[in-house]
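Data first, discussion second: the structure below is written as structure tokens.
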Amino acid sequence: MSTVVLARKYRPRTFAQMVGQEHVVTALTHALTGNRLHHAYLFTGTRGIGKTTVSRILAKSLNCTGPDGSGGITATPCGQCQACREIDADRYIDYIELDAASNRSIDEIRDLIERAAYKPGVGRYKVFRIDEAHQLTKDAFNALLKTLEEPPEYLKFVLATTDPEKMLPTVLSRCLQFNLRPMAPDTVRAHLAEVLAAEGVPHDEASLRLLGRAARGSMRDGLSLADQAIAYGGGRLEEAVVRRMLGSVERSHARELATALAARDGAAVLALADGLRQRGQSAAGTLDELALLLQQAAVEQVAPGTLEAGDPDADDARAVAPLLAPDETQLLYSMALHGRAELALMPDEHAALAMVLLRFLAFPSEAAVSAGAPEARSAPLRAPSPPTSRSPLAVAKAPPPLPSPPLPGQPRAGSPAVTAAMTSAPMTSAPMSAVPRALGDRWAALVASLIERGSISALVRELAWSAALVAIDETASPPVWRLAVEREALRQATLADKLASALAPTLGAAVKLELAAGVPEDSPARRDAAERARRQAEAEATIQADPVVRELLGTFKGARIVPGSVKPA
């Protein structure tokens, strides 16, 4: 005797058995209980989330006669009467299903309209269900419109589609629309646990978590994968077997990759990618697991302690969260998601995986800030800029823009006016300033030395760059250095300990760092901003005073210098 697949065996027979679609169930239950029925319903949503199931339950509710044959329209079909049993068995003559994917022409719709002219043969209502309704041709839609708008009182239309955007607006306006939502992995996992318990299939929690994620919001896919896993595992579900079946990558590998990427260790990243190849791990699975890890790490960064306590993968996310700045986490997450589509573009998907991972290393945060351009300051990475050999707080020069060919009467390349654009807006500048102090000088030199040697990175570097040294207590053992830190996310004991450890070799002795909430008035970041603003102001003043520029401004009436178009040399 053949076995019924789990997706069919455990298909809900009543609204109460439906999982994850409470908003649709509640609305339909109230409508049926109050006898407020619409003539046409549209159910939308991705595959395997219950569109067919809710359509059949609705058809049973409309035609149920109860166990004794005297029942009426109900939100709780009995499942015992002729209508309920035959609709469940897909052989009820007054419930007609049409697959528009293969029956999409006007001829099929005309045949449907002709059948609509006849009253129900045995039931209370005749229910027409059109699956994948968006695939009907325009002519077929137009032929259906009149009947859809004013059907006979005994006729109900149920349309289902995975792509409502392709439906004609005239059809949408005639239907009562319900959007069935993809289900959360935990919802799928919980339902799978109930099904497997009912089937008596041994399983572990980790295997259900893998299946819940792999289902991608589709309960039907989750049950189908469970069927496959039972066969693959010889009647039981174990994490290692399910992971191998799905091609999933262990969370530990994703954590190692994230750690190497956070440290900007290109050699380690390549070694880990090659190790995945040697073990036969999927490149796509690697990016999927890395994205999941980063998603959880981002949650931990903005709301510490909110990750599920019982989730074993949460420990890895908590470990990765302090290694990356929040903006770096978002950047790497985006690269993992978009990089998945690039794997098929190369014959060697693991080579493509290595390129996707190395792309993150091509975005050094120091270059983005040290250039000083407005667009750089709004870039994804906001880490401090490294010092050059000129001074502890020197800023790397950005390459000058290429000059455009001069117009008649304009100066040639090499003149100070080449980098200034003309417009009707006035030029203003508002340089920032930092208040130099002795402690500020000492702290700026120390931070510059640490950054230049590469002793600090990620959030530790961000802490050092944006903090201000406000007091030193030499009487304590070890000495206590107090830093003013404005951002709450940086006031973490673990970051302070890492920064203190990095300072010890330079100072020749251990120190303890205390992080106090406050505005850092003399931080290396503010000094750097003030220096860039000073150089910007000098450049703008030079341009304003240049004789050639003044002559041009006098010649071309209404001409002005665009604010920000002047760049320091």
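Results for (1) under 24 Å from L276 (Cα atoms); (2) modelled with pLDDT under 90; (3) in contact with a strand residue (DSSP E or B) (Cβ under 7 Å, 6 or more places away or on another chain); (4) buried (at least 17 other Cβ atoms within 10 Å of the Cβ), shown as yes or no for each residue.
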site	(1), (2), (3), (4)
V356	yes, no, no, yes
A362	yes, yes, no, no
V369	no, yes, no, yes
A376	no, yes, no, yes
A394	no, yes, no, no
Worksheet, complete the sentence: Among the residues of the stretch 525-558, the number that are within 47 Å of the chain's Cα centre (by Cα), surrounded by 14 or more Cβ atoms within 10 Å (Cβ to Cβ) and of a type outside the set (S, T, N, Q) is 16
Discussion item. Among the residues of the stretch 182-191, are any of a type in the set (A, V, I, L, M, F, W, C), part of a loop (DSSP other than H, G, I, E, B), in the same structural domain as G235 (by TED's automatic domain parsing) and over 15 Å from T46 (Cα atoms)?
Written reply: no
Worksheet item: Do you know which of the residues in the stretch 139-189 that are surrounded by fewer than 16 Cβ atoms within 10 Å (Cβ to Cβ) and among the small types (G, A, S) is farthest from H23 (Cα to Cα)?
Response: S173
Worksheet item: Which numbered condition trips up A458, out of (1) in contact (Cβ under 8 Å) with a residue 24 or more places away in the chain; (2) at negative phi; (3) within 35 Å of the chain's Cα centre (by Cα)?
Response: (2)
Discussion item. Suppose the filter is outside the structural domain of V460 (by TED's automatic domain parsing), hydrophobic (A, V, I, L, M, F, W, C), within 26 Å of the chain's Cα centre (by Cα) and within 29 Å of R181 (Cα to Cα); does A260 pass it?
Written reply: no
Response to the item:
In the stretch 1-55, residues that are at positive phi and in contact with a Ser or Thr (Cβ under 6 Å, 6 or more places away or on another chain) total 2
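Mind counting the residues in the stretch 15-26 that are under 16 Å from G79 (Cβ atoms), of a type outside the set (G, A, S) and surrounded by fewer than 17 Cβ atoms within 10 Å (Cβ to Cβ)? Don't jump to the end; show me each part of the working.
Start the filter on the stretch 15-26 by keeping residues that are under 16 Å from G79 (Cβ atoms), which leaves 15-18.
If we keep only those that are of a type outside the set (G, A, S) too, we end up with 15, 17-18.
Those left that are additionally surrounded by fewer than 17 Cβ atoms within 10 Å (Cβ to Cβ): 17.
Total satisfying the criteria: 1.
For V19, indicate whether it is assigned to a loop (DSSP other than H, G, I, E, B), touching a helix residue (DSSP H, G or I) at 6+ places or on another chain (Cβ under 7 Å), touching a residue at least 60 places away in the same chain (Cβ under 8 Å) and hydrophobic (A, V, I, L, M, F, W, C).
Numbers: assigned to a loop (DSSP other than H, G, I, E, B): yes; touching a helix residue (DSSP H, G or I) at 6+ places or on another chain (Cβ under 7 Å): yes; touching a residue at least 60 places away in the same chain (Cβ under 8 Å): yes; hydrophobic (A, V, I, L, M, F, W, C): yes.
Yes; evaluated as a whole, the condition is true for this residue.
Residue by residue, here is whether (1) within 15 Å of the chain's Cα centre (by Cα); (2) touching a residue at least 60 places away in the same chain (Cβ under 8 Å); (3) farther than 14 Å from A458 by Cβ holds:
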| site | (1), (2), (3) |
| --- | --- |
| A254 | no, yes, yes |
| G275 | no, no, yes |
| Q281 | no, no, yes |
| P312 | no, yes, yes |
| A319 | no, yes, no |
| L323 | no, yes, no |
| S334 | yes, no, yes |
| G339 | yes, no, yes |
Worksheet item: Pairs under 7 Å by beta carbon, first residue closer than 28 Å to A525 by Cα in the stretch 347-375, partner in a helix (DSSP H, G or I) and modelled with pLDDT under 85, six or more apart or different chains?
Response: A368/A376; V369/A376; V369/R377
Worksheet item: Within the stretch 57-70, how many residues turn out to be assigned to a loop (DSSP other than H, G, I, E, B) and either touching a strand residue (DSSP E or B) at 6+ places or on another chain (Cβ under 8 Å) or surrounded by fewer than 17 Cβ atoms within 10 Å (Cβ to Cβ) (or both)?
Response: 5
Item to complete: State whether one or more residues within the stretch 24-31 are closer than 22 Å to E132 by Cα, out of contact with any helix residue (DSSP H, G or I) (no Cβ under 8 Å at 6 or more places or on another chain) and touching a residue at least 24 places away in the same chain (Cβ under 8 Å).
Response: no
Worksheet item: Among the residues of the stretch 436-471 satisfying the criterion of being exposed (fewer than 14 other Cβ atoms within 10 Å of the Cβ) and in contact with a helix residue (DSSP H, G or I) (Cβ under 9 Å, 6 or more places away or on another chain), which is modelled with the lowest pLDDT?
Response: P436
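The values are calculated or read from the model by the stated rules, or taken from the named source; none is laboratory data. Every value quoted in this text rests on a predicted model; they were computed, and no experiment measured them. FYI the Cβ positions are ideal-geometry reconstructions off the backbone, even for glycines, and counts take in every protein chain you see.
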